[in-house]
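The values are calculated or read from the model by the stated rules, or taken from the named source; none is laboratory data. A quick note: this is a predicted structure, and the numbers were derived from the prediction, not measured. Note that each Cβ is placed from the backbone with ideal geometry, even for glycine, and that neighbours are counted across all protein chains shown.
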């Protein structure tokens, strides 16, 4: 792995393929599922998987395969946006804390600790209960809830890297502060950031589905994986496919993004 | 007019007493004494075990085991004796005399006498008790006097035909006056009554332990036996997740569950060792109310169009697996005076389109929704995730889809309980489904009288359809003061006709209340008054 | 223990004066607690819903005017928000967390009854997660590239599983189908198994991935090579050097893991009907029960601060880079 030539392992190929398919499904769902994800059909409700319905139908007779394909967009968008918000916020806080004067570090760290002291779910819960449920609020809520965790890690990374020999060498060589930050510090911090981000996308997707489970996520009848899981959970003992397939896709997309991110990161490090 | 109380009914067979359908296997083995029954409730844990405080259904469920009311109702809807053996209404209707049963003692030794009735009513009417349900039910009670040690006279400010119905509810149960003198904190943790069980311990968020009252001697007139209960103890647990609750029943970890979901009922009925008891709650049916105070439902044609466009029956059939019957009445099917008119609620997209055209909603926008004067025909529908079970939320989604065909844009907003009440209080809704459990047809007055549109200090009001019809008001007020049963029946029928013919409501089905029992459980029944479980006649095989 | 790395001949941090550091730290803790409580107080009050109703048995309780007025007077809710805040904080400063609106019991008592359950659950889950992660990591190192790949994929998948899906699936498999375990909480150790597995497996996925990274780093680093050159065998190298460096980020994550476990506990406690502060927190927020929410949040914040302080200390002791970092004269 480390130091070996960068050839593609089968797992990486598979995850890249999965992500590609997911992106296509997000952008043009009709390519995979031409039907209407919202088409209600009470007479064919609760049908098990079959040729007519690959993943079966839900409680209103809607085709689950179609809903999963169309729900890809919502889930991926939430995952990406929430991670972007979380890491963006965390980067600002972490850099401020790590690079600024002592008082700024103290203040920012305390602020992060305050945010972090809230259980993530509570933060998201409070935010959503105040501003109402929906895709946008749950995205912001997940970003807020995950930011402090990233911030702490970024801060400690910054602290470690900033005192490293090559930074010192750069300083001795006369490079300006900005140069030191941009050309030396950031790339090294970015390495761990990448892992965080890839872990984060998957996590955000899972988080958002948990919020839907508590009834705080997407509004019906939107096809969103977490909402589908939530709707299907009461029927899990009788109609397993309603929760199985959305669950599989949540796990699949989270796992694929993480895998790909990690393998890319390994390539970056070994080069 | 004297009310004739039927004499004590003979011991009836247990199967007959169970309201609704039951698959209790008839057994000729005699009831066995002993054992602990584990009951798992899907409702929230009460914050106070004394149903005088507040007054909601979870409290009623558990209080039925240790508290008793003055009267009860049998399965035909007739008032029957319980702690009161006779009730007599004065000719002017302004007072009622209740003759109490002899030799009944509360479990702390205090005898059941007229002063107990007075103490209880005083407790309910005292603001510091913070009673809601009981307080409202006793709105017309002026004072209580003891005619003699065993007769209490309740004096009213106006005749109240709903008094006996109210007194049959657990929220107005009779507690020991000695116990009521304790602090509310203590009384909430262990209320003292005359019931077949006693509250022994309450481990919050874990369980309530009830033990048998060995001196019990006051079953209601339609109970299956006399003397102490068979069960030695009951463990009352709270399992909020429906899937794991059913799994616990299947595994035998619990013996009885409530709030059974439709698919598990259907599955349970197929298995040999689970039993099903269907006991719809009294009061109103589950219905969708159309807010007639704001646009677009201030136009009756639009209301009717919505009802024409809403295809309810296929949804009810598929989502509820045949466990819920479609209702066409504002009242629950257990209410004898319920009036039903299916012809008003037929499904027809053509009629809906015609009505909307007549109402001026002739244009459609690009998404297919109707438009008038630049405004879209949009309806806000806050849905309480606490009050509406998942099957019902799915039903609303299907109605959203079928009314879309006619051009209605329905926005479903799933909300937690507080936010939901907030939206209602702010008049921020066009459609809403709010259950109301109360014994007797007087619930129509609470829901449809114009007084119900006046918000309580908390902002809450009950008349969500916002009906302000003087003719309807007159009918309901007269009915609530009438002592003539025939007159009342006619008045309530007229009232229900007005409500339904005005297209203010879309009735769906009864308030679902299903119990599932393990194979060991025998003799289980739901009290006909509020459909709460009465474990007095229950025994474990 | 190996000799500490010495940089520039400067003295080790441990010799520096503790007191100013301790005071600053303590001040920080108090500040965080105060900020947390204040934010929660105002946030709950921001949410629509009348606390007086919560006292009377929940929203929509149809309380009468008299009852509401009584409740407001009893709990001081009729005063302006700023005054209420000051009253509340006056009591908080002396340790009085007040009475729960919905449970009509002292907040301290409610938390006390429920905290143990959640902490035990969190502890067992953390232990399980650490064991799984460590086990997978050790196996990968020994068994070669393919095993490492498999282990990595397993961890990634585990981290991607939502708690409630795992919980219900486990109940379905182990209780309904196999009948081995109880589906809801029962007294005794059996009732812990499924909840602990539900919380522990996703956490194991995370910890495992993080540890895997640092194990890889550590395995190729100079001091490990030096150790091998000195003749230490693989096992010794692994346990004495590699693991120590793998532990650093994992320890850093422990604080985060604690918060994540509390969040997961909300869902797990609800599904398995276990008493705990997770479940209490959820219902308290739904009921707008301000004293209980603030109380629980404070306890969790305190716990989190304790964890981070401990992990910071552990970090200092374990990470040689942090210890010798004083050539600028700045303490970090």
Inset, instruction - Have a look at C:323, C:240, C:332 and point out the one that is under 21 Å from residue A:164 (Cβ atoms), in contact with a helix residue (DSSP H, G or I) (Cβ under 8 Å, 6 or more places away or on another chain), modelled with pLDDT under 80 and more than 9 Å from every other protein chain (Cβ to nearest Cβ). - result: C:323
Inset, instruction - Only one of these is buried (at least 24 other Cβ atoms within 10 Å of the Cβ), within 21 Å of the chain's Cα centre (by Cα) and under 28 Å from residue B:492 (Cα atoms): B:432, B:439. Name it. - result: B:439
Inset, instruction - Please tell me if residue C:103 is away from chain A (no Cβ under 14 Å), surrounded by fewer than 17 Cβ atoms within 10 Å (Cβ to Cβ) and either without any contact (Cβ under 8 Å) to a residue 60 or more places away in the chain or outside any helix (DSSP H, G or I) (or both). - result: no
Inset, instruction - Run down B:324, B:267 and say which single residue is more than 30 Å from residue B:380 (Cβ to Cβ) and either over 18 Å from the mean Cα position of the chain (by Cα) or not in a strand (DSSP E or B) (or both). - result: B:267
Legend entry - Residue ID - modelled with the lowest pLDDT, chosen from residues in the stretch B:188-206 that are surrounded by fewer than 21 Cβ atoms within 10 Å (Cβ to Cβ) and assigned to a strand (DSSP E or B): B:203
Inset, instruction - Out of the residues in the stretch B:225-236 that are in contact with a strand residue (DSSP E or B) (Cβ under 8 Å, 6 or more places away or on another chain) and surrounded by fewer than 22 Cβ atoms within 10 Å (Cβ to Cβ), state the one that is farthest from residue B:530 (Cα to Cα). - result: B:232
Inset, instruction - Those residues that are assigned to a helix (DSSP H, G or I), surrounded by 21 or more Cβ atoms within 10 Å (Cβ to Cβ) and in contact (Cβ under 8 Å) with a residue 60 or more places away in the chain, I need them from the stretch A:41-65; list them, please. - result: A:64
Legend entry - Hits in the stretch B:283-314 - residues which are out of contact with any strand residue (DSSP E or B) (no Cβ under 9 Å at 6 or more places or on another chain), more than 21 Å from residue B:362 (Cβ to Cβ) and within 14 Å of chain A (Cβ to nearest Cβ): B:311, B:314
Legend entry - Answer residue from the stretch A:116-138, given it is facing another protein chain (nearest Cβ under 7 Å) and in a loop (DSSP other than H, G, I, E, B) and is surrounded by the fewest Cβ atoms within 10 Å (Cβ to Cβ) among those: A:133
Legend entry - the stretch B:361-399 - residue that is part of a loop (DSSP other than H, G, I, E, B) and surrounded by 23 or more Cβ atoms within 10 Å (Cβ to Cβ) and, of those, farthest from the other protein chains (Cβ to nearest Cβ): B:361
Inset, instruction - Kindly indicate which of B:380, B:388 is under 20 Å from residue B:431 (Cβ atoms) and modelled with pLDDT under 90. - result: B:388
Legend entry - Residue that is surrounded by the fewest Cβ atoms within 10 Å (Cβ to Cβ), among those in the stretch A:233-266 that are facing chain C (nearest Cβ under 8 Å) and outside any helix (DSSP H, G or I): A:240
Inset, instruction - Hey, can you tell me all the residues within the stretch B:402-419 that are away from chain C (no Cβ under 14 Å), assigned to a helix (DSSP H, G or I) and either in contact with a helix residue (DSSP H, G or I) (Cβ under 8 Å, 6 or more places away or on another chain) or crowded, with 23+ Cβ neighbours inside 10 Å (or both)? - result: B:402, B:403, B:405, B:406
Inset, instruction - State whether one or more residues within the stretch B:516-528 are buried (at least 23 other Cβ atoms within 10 Å of the Cβ), touching a helix residue (DSSP H, G or I) at 6+ places or on another chain (Cβ under 7 Å), part of a helix (DSSP H, G or I) and in contact (Cβ under 8 Å) with a residue 24 or more places away in the chain. - result: no
Inset, instruction - Test residue B:319 against the criterion of being within 14 Å of chain A (Cβ to nearest Cβ), modelled with pLDDT of 90 or more and either buried (at least 17 other Cβ atoms within 10 Å of the Cβ) or in contact with a strand residue (DSSP E or B) (Cβ under 6 Å, 6 or more places away or on another chain) (or both), and give yes or no. - result: yes
Legend entry - Test result for residue B:122, in a helix (DSSP H, G or I) and out of contact with any helix residue (DSSP H, G or I) (no Cβ under 8 Å at 6 or more places or on another chain): yes
Inset, instruction - Working only within the stretch A:11-40, note down all residues that are assigned to a loop (DSSP other than H, G, I, E, B) and crowded, with 17+ Cβ neighbours inside 10 Å. - result: A:33, A:37, A:38, A:40
Inset, instruction - Of the numbered conditions (1) within 14 Å of chain A (Cβ to nearest Cβ); (2) crowded, with 24+ Cβ neighbours inside 10 Å; (3) closer than 17 Å to residue C:269 by Cβ; (4) at pLDDT 85 or above, residue C:115 fails exactly one; give the number of that condition. - result: (2)
Inset, instruction - Could you tell me whether the stretch B:275-282 includes any residue that is surrounded by 24 or more Cβ atoms within 10 Å (Cβ to Cβ), within 14 Å of chain C (Cβ to nearest Cβ) and touching a strand residue (DSSP E or B) at 6+ places or on another chain (Cβ under 7 Å)? - result: no
Inset, instruction - Please specify each residue of the stretch C:272-284 satisfying the condition of being buried (at least 24 other Cβ atoms within 10 Å of the Cβ), part of a helix (DSSP H, G or I) and either within 9 Å of chain A (Cβ to nearest Cβ) or at positive phi (or both). - result: C:278, C:281
Inset, instruction - Might you let me know whether the stretch B:244-255 holds any residue that is more than 11 Å from chain C (Cβ to nearest Cβ), in contact with a strand residue (DSSP E or B) (Cβ under 8 Å, 6 or more places away or on another chain) and touching a residue at least 60 places away in the same chain (Cβ under 8 Å)? - result: yes
